[in-house]
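Computed from the coordinates by the stated procedures, all read-outs in this text should not be read as laboratory data. As the structure is a prediction and not an experimental result, all values here were calculated from the model. Backbone-built Cβ (ideal geometry, glycine too); neighbour counts: all protein chains shown.
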DNA sequence: CTCCTAACAGGTCGATCATCCTGTTTTGGA
DNA sequence: TCCAAAACAGGATGATCGACCTGTTAGGAG
């Protein structure tokens, strides 16, 4: 009698929806992805979708808060904490991304940038949430530079503006790489950033 | 008898459509802008729109070829040719954009990037056209660096990868500035780029 | 067991999307 | 002067969008 029994797994369904939405938003874009396609990707009914996310906007906000912020944390902030100094971390992060994209064969872009470019103009609340992620990213890198100065690894550098340059170079290189479907821009920026940082850090070689 | 006479000005109508489309695509996005809205913005009938641009895609391609490429030429390539060396030009270009955005009070982003981020994944032909604009931009800056080396203004620099860094930093800073609605990232990247280039150029101060 | 609510199912709604249609007017050669 | 083609006008089209609706079922508190 209980055949075709419904799952009734709220956390699981919610997670499936957000996962599907994150993948779709990052690879195709927020506006270009329809709720119907999302329901098919996550294999959920319209009722379940409406129950967990009454509107596409709230789903977008959840994706930013739960997945995009986490992606920035994993690819940038965590390596930053794990490495000895900022230049080492930045070179490692660029290397990881380059390897990953070379393996995959296509460039879908920086998740944070992809979302930000599309929605930040239309929705002030989404913009605020996305801004916070940018600020957290910038603060983490800026503090690392500051720590490197404090530990006498480097001198004569402005931690805040240098962090902005690194983030902008990464974001921009990802954007160009996505537009041209070529990892070249990331390779170029990796070496140029390394060279720039080398002039500010005391050589230990 | 000839009251309410139709204009019959093909070039003018086409120009009005492309102008309206460029403004809308850059400020709101390509997908977010509907053909109906564009018809209203340009004050053209459905028949006129269909006659000049049978599909939204062709209108997008025309906007990229006619307006986006021109915008890159005016804001980047022309100043590059007009200035004595690359660092002077880059500083001027960043200064111009910062002043302009400060005046306007809002950041709508880099036209090329805005278009590229949205459509390059869905349409290979658009991606190719956009890539060409990126390459033209990169080539112009790269050649300027090369010329500076040839004229003994600078040494020990890789023209191609340095050009990539400058373009990526600009694009990325614009993207962040758009997301946060703050010109700060552009100011930071301007000074950091100037400092980086100063180490490679022979001081003439 | 009762009962209330969260968790879902499945379909429907008006709005808007891009595209295309049938006419009408103007233009530019022949 | 004539006529084909270009340049419009003003809707109509089906598809798809996001939102929402009424039911049905599971889970947990009492």
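Residues that are more than 11 Å from DNA strand C (Cβ to nearest atom), crowded, with 16+ Cβ neighbours inside 10 Å and within 14 Å of chain A (Cβ to nearest Cβ): does the range B:3-18 have at least one? No, the range B:3-18 contains no residue that is more than 11 Å from DNA strand C (Cβ to nearest atom), crowded, with 16+ Cβ neighbours inside 10 Å and within 14 Å of chain A (Cβ to nearest Cβ).
Residue A:132: more than 9 Å from chain B (Cβ to nearest Cβ), closer than 30 Å to residue B:33 by Cα and surrounded by fewer than 20 Cβ atoms within 10 Å (Cβ to Cβ), yes or no? Answer is yes for this residue. When B:86, B:21 are checked against the criterion of being surrounded by 21 or more Cβ atoms within 10 Å (Cβ to Cβ) and within 17 Å of residue B:110 (Cα to Cα), B:21 stands alone in meeting it.
Condition check: on the phi > 0 side of the Ramachandran plot and more than 13 Å from DNA strand C (Cβ to nearest atom). Does residue A:29 satisfy that? So residue A:29 fits the description; yes.
Look through A:82, A:116 and report the one residue that is out of contact with any helix residue (DSSP H, G or I) (no Cβ under 7 Å at 6 or more places or on another chain), more than 15 Å from DNA strand C (Cβ to nearest atom) and without any contact (Cβ under 8 Å) to a residue 24 or more places away in the chain.
The match here is A:82.
Considering each of B:160, B:171 in turn, give the residue that is assigned to a helix (DSSP H, G or I), surrounded by fewer than 24 Cβ atoms within 10 Å (Cβ to Cβ) and facing chain A (nearest Cβ under 8 Å).
Just a single option satisfies the conditions, and that option is B:160.
When residue A:121 is tested against (1) assigned to a helix (DSSP H, G or I); (2) more than 21 Å from residue A:98 (Cα to Cα); (3) within 10 Å of chain B (Cβ to nearest Cβ); (4) without any contact (Cβ under 8 Å) to a residue 60 or more places away in the chain, just one condition goes unmet, and that condition is (1). Flag not set for residue B:197, criterion: facing another protein chain (nearest Cβ under 9 Å), surrounded by 17 or more Cβ atoms within 10 Å (Cβ to Cβ) and in a helix (DSSP H, G or I).
Applying the criterion of at least 3 residues that are away from DNA strand D (no atom under 11 Å from the Cβ) and under 25 Å from residue A:120 (Cβ atoms) to the helices (runs of 4 or more DSSP H) found wholly in the range B:1-69 leaves B:10-28, B:35-42, B:56-63.
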